Each structure stands twice: as structure tokens, then as C-alpha cells.
Amino acid sequence: MTIGVILNRVFRINNNPLFEYIHQNKEEIEKCYLIIPQEIFEEDGTNMKANYYYGVMQSFLNDLRQYDIEPFLLDYSDLGDFCEDKSISEVIVAGDIMSYHQESYDIRHLKKAFNKHNITVTTVRANHYFKPSATMNKQGEPYKVFTSFYKAHRSKLRKHDSYAYKLKNLSDLFVKSQQKLNQDYSKYGLSESKAIKKWNDYIDQDIQNYETNREYLPEVLTSQLSIILAYGIIDIKQIVTQLIERYEEDEHNIEQFIRELMFREFYYVLMTHYPNTAHEAFNEKYRDIKWEYNKEDYKSWCEGRTGFPIVDAAMTELNQTGFMHNRMRMVVSQFLTKDLFIDWTWGEDYFRTKLIDFDSASNVHGWQWSASTGTDAVPYFRMFNPSRQSERFDKDALYIKTFIPQLNDVTPKLLHEPFKHEAELEQEGIKLGQDYPKPLVDHKEARDHVMSVFKQI
């Protein structure tokens, strides 16, 4: 039997269920083609994300080369013809990846493409913990409230042994491609060894401060595990195993961390059952909201020119680093959907093009949470005030000043609501509308508008 194995975004040597599948079936396999269909990043502004993706891939290819393994690098559009040409009868693919840059790369679309070539598709779990069909409620439907999902499935997390395969014993099965990436991406991305070290350092030294540090904005004190998981560099089962093994050392902080991992699973399960929610409100009664589609306001939001320093700092962080603190993702998404009343799908798509840790399920449902259109979403009347968020989470304006350097010498208290301190700002060398933008919107008026629209639905 000749098989193909799709490795895209399962970029790891260790604890890789795709390699374990080959190990378990090696007696039946005559030839195996390891394939990495390469994602295309066509949109403007995706360079940083593309470089990171290819940097991770290059590190993975280098690791495989140590075992004399060379995968085939293709475009997604060429997969079917390639498999047909090589007489591949079965393709093994991770069926649970939500972090592809384009929706067209996901398992639903991939199965349809291979069906046209009469190629069998076998899916394995690779980047998520739960099998969605095993998480249903008593009515046979997905849980739509996180707390209920968490209570029902938290006890199912357990320790896992490493897989039995040894790559050196499998390498003779693999057909070598003699291909390399067409340019050097070694200064980008993250290797498996560095990811493992980063995660181990975090669980050894920092997880005991998780609940405190998770809200600290001026510097990254979180694990950034979302990046590692988006590329499949470490198996989620390995993460869970380590957390359970260390659980008694700090039950409170580790449980809070596990809770966030369960949120990722919750959104994943919902997305597999309701893929339409990538483009329309989960809550049907909000599908006909008359959003604003003000392109100038949207552009100002994208570029960090809203006149609200905390929002502008966060958008600048995203544009400069490809990452954004989770607290700020909530703040800027509420600002776009509530203060500017712009369709959440615009913001969700902008995040898709920029975030190096993009995960479709978490991104879509995070945006729908903020827009109050999703399942278990924030009620529309609990609308974030960006100025209060700024005072609470960046009291000394250290985060603001990190990403808006022209405000470095300004007294911090003036930066939470600069529009209320124009005269004082001028004394400190900042003229609104010239050195820093005036606010796009009056928050109180925006709130009144939101209340009015949602109450009428």
C-alpha cells in the first residue's frame, strides 16, 4: 500500500500521532509520501505571519533531515493530482486543525478535494484534546455554555504516555523529495526544541504567577502557548500531562490555566458543529443587525489611530509583532463592534491576517463574544469602557508608551482619557489632532446607540 501523510501544522518530531499511525501500520505500508502542502498568504499585510509560518516549517524540515527524511512541498491545489500521479490510495491527515490561514485548507474542503480523485482520507487527532462527537450533552448536541462544557469534561483530562514510534526506524518507508524551501526563513518562527524549552521554563518558573501576570500588559508574562499550539509544535496531550503531574504544586493557578485550555476545546467543538458561524452570528436573532460599514473608521482602528491610547497601543502591538495580549483582544474587539458599531467579521478577518497564533475557532468565537452575537457571549449591556480598561490594566501607561513612543513624556493619568485633558497635554507638548489623534467617537453616545439597537431586536 502506498499512502500519503499530510504534515502541515503538525510541525513536531515528538508525540506526533501521524508518525504513530505509520508505526502502527508499517507492515502494510510499502511506500509513504510525507507531504507539506504550503499555505499561501496573498493579502496585504500578511508578511509577518507568512514569515513566521515558514520559519516554523523550516525548523521542522531541518529536524526531519537529521533522520534523512525529506517531505514533499506542494501547493494545496496540486495535492489531488500529486497523489494520483504517485498512486497514493490513502491519505492520512490531522482532522482537528483550526489554525490554517485560509478556510479552504481545512478538513471539510480537503475531503471534498480528495473525493474527486477517489482517494481515501483517514483523519487522526493531532492538535486538540477532545473528539467533538464525544463531548455532546444528554440531548446529543454540543454544549453552548462554557461552564457546562467545563464541568462535564474537566474530569476526562488525564496523563498520557509518549508514542512508541522511533523515526529512525521508519525512515526507510519514506520517499525522499530532495526539496527545500526556496528561501531562508531561519530568523523567523520557532523550533520544536526552543518551544519545549520555553514551555518547560514557564511551567517551572512562571505558572505559579499565572492569575496575577495574565493581566499585566507592559511586558509578555504569559506562556504564549497559543503560538506553539497554532503550529502543532507541542502536542496538547503532552501539555495536559505536564499540568496534571505538577497539579499539587499550585492547584489554583494550574486549574486556571487548564480552564483556558478548555475554552480552546469548547470553541473548537462548536466550530466543528457550526462552521457557518465563521461568517454569521451564532445567535440567529442577531444576524440582521444593521452594522455600520464606515471604511475610514475601520482603517483608523486597523492602524491604531482611534484617539484612545489603550486601543491604539494594542493595534500597534498587533501590527508590529503579530501578537496581542488577550485582555487587549477583548478591548479592541469591543471597541470596533460596540464603540464604532462595525461588523465583527471585519475585525475577525483583520486578526486572521495578522495574528501569528491565529486559530479560527478561538478567533471567531472571541469576536462573537465581544459583539454579543455568539454563544455564551458577553451581554450587550456589559460594554467595555476603553478608558476604564486603560486605568485598570495600564495605570502607569507603560503599555501605552511602549507602543506609542510620542507619548513617552506625558503624565500617565492624562493618557487614559486624553480628550478630557487637552490643555494639560498641550503643556506637555502633545496637541490633539496634530501630535496624536482626536477620539473617533464619544463612548457615552456609542453606548446609547448600542443599547438602543440591541433592545429593539
Name the helices (runs of 4 or more DSSP H) wholly within region 381-457 that hold at least 2 residues that are open to solvent by 80 Å² or more (accessible area, probe 1.4 Å) and within 27 Å of residue 294 (Cβ to Cβ)?
443-455
Could you please give the count of residues in region 83-101 that are open to solvent by 30 Å² or more (accessible area, probe 1.4 Å) and touching a residue at least 24 places away in the same chain (Cβ under 8 Å)?
5
Scanning region 46-71 for residues that are outside any helix (DSSP H, G or I) and open to solvent by 40 Å² or more (accessible area, probe 1.4 Å), which turns out nearest to residue 168 (Cα to Cα)?
67
Residues of region 107-147 satisfying the condition of being surrounded by 14 or more Cβ atoms within 10 Å (Cβ to Cβ), among the polar types (S, T, N, Q) and more than 25 Å from residue 283 (Cα to Cα):
123, 127
Residues in region 316-326 that are in contact with a helix residue (DSSP H, G or I) (Cβ under 6 Å, 6 or more places away or on another chain) and in a helix (DSSP H, G or I) total 3
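Each row is one residue, and each column tells you yes or no for (1) without any contact (Cβ under 8 Å) to a residue 12 or more places away in the chain; (2) of a type in the set (S, T, N, Q).
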residue	(1), (2)
349	yes, no
354	no, no
383	no, no
387	no, yes
394	no, no
433	yes, no
Working only within region 286-297, note down all residues that are assigned to a helix (DSSP H, G or I) and more than 21 Å from residue 363 (Cα to Cα).
295, 296, 297
Being touching a helix residue (DSSP H, G or I) at 6+ places or on another chain (Cβ under 6 Å), of a type in the set (Phe, Trp, Tyr) and open to solvent by 10 Å² or more (accessible area, probe 1.4 Å) is the filter here, so list the residues in region 363-380 that pass it.
380
May I ask you to verify whether residue 208 is touching a residue at least 40 places away in the same chain (Cβ under 8 Å), outside any loop (DSSP other than H, G, I, E, B) and open to solvent by 50 Å² or more (accessible area, probe 1.4 Å)?
yes
I'd like to check something: does region 24-33 contain any residue that is without any contact (Cβ under 8 Å) to a residue 12 or more places away in the chain and of a type in the set (Asp, Glu)?
yes
Got a number for residues in region 21-43 being outside any strand (DSSP E or B), open to solvent by 20 Å² or more (accessible area, probe 1.4 Å) and either among the charged types (D, E, K, R) or in contact with a helix residue (DSSP H, G or I) (Cβ under 6 Å, 6 or more places away or on another chain) (or both)?
7
Applying the selection to region 334-380, what residues are in a helix (DSSP H, G or I) and more than 23 Å from residue 273 (Cβ to Cβ)?
334, 335, 336, 337, 338, 339, 346, 347, 350, 353, 354
In this structure, does residue 306 turn out to be surrounded by fewer than 23 Cβ atoms within 10 Å (Cβ to Cβ) and polar (S, T, N, Q)?
no
Before we move on, is residue 294 surrounded by fewer than 23 Cβ atoms within 10 Å (Cβ to Cβ) and at pLDDT below 95?
no
Of the numbered conditions (1) in contact with an Asp or Glu (Cβ under 7 Å, 6 or more places away or on another chain); (2) of a type in the set (Ser, Thr, Tyr); (3) assigned to a helix (DSSP H, G or I), residue 300 fails exactly one; give the number of that condition.
(1)
Would you say residue 233 is part of a helix (DSSP H, G or I) and at pLDDT 95 or above?
no
Return yes when residue 104 is within 30 Å of residue 188 (Cβ to Cβ), surrounded by fewer than 17 Cβ atoms within 10 Å (Cβ to Cβ) and not aromatic (Phe, Trp, Tyr) and no when it is not.
yes
Of everything in region 167-194 that's part of a loop (DSSP other than H, G, I, E, B), of a type outside the set (S, T, N, Q) and farther than 30 Å from residue 264 by Cα, which residue is most open to solvent (accessible area, probe 1.4 Å)?
180
Restricting attention to region 348-362, the residues that are within 29 Å of residue 212 (Cβ to Cβ), open to solvent by less than 30 Å² (accessible area, probe 1.4 Å) and not acidic (Asp, Glu) number exactly 5
Can you name every residue in region 110-146 that is more than 24 Å from residue 20 (Cα to Cα) and under 20 Å from the mean Cα position of the chain (by Cα)?
146
Of all residues in region 102-137, which are more than 18 Å from residue 236 (Cβ to Cβ), of a type in the set (Lys, Arg) and touching a residue at least 40 places away in the same chain (Cβ under 8 Å)?
108
For region 309-327, enumerate the residues that are surrounded by fewer than 23 Cβ atoms within 10 Å (Cβ to Cβ) and either among the acidic types (Asp, Glu) or farther than 20 Å from residue 46 by Cα (or both).
317, 326, 327
Answer residue from region 1-20, given it is assigned to a helix (DSSP H, G or I), of a type outside the set (Phe, Trp, Tyr) and closer than 13 Å to residue 170 by Cβ and is nearest to the chain's Cα centre (by Cα) among those:
18
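The values are calculated or read from the model by the stated rules, or taken from the named source; none is laboratory data. Since this is a predicted model, take the numbers as computed values, not measurements. Here the Cβ is made from the backbone with ideal geometry for all residues, glycine too, and neighbour counts use every protein chain on show. With ligands, DNA and RNA removed, areas are computed over all heavy atoms of the protein, side chains included. Shrake-Rupley method; radii C 1.70, N 1.55, O 1.52, S 1.80 Å.
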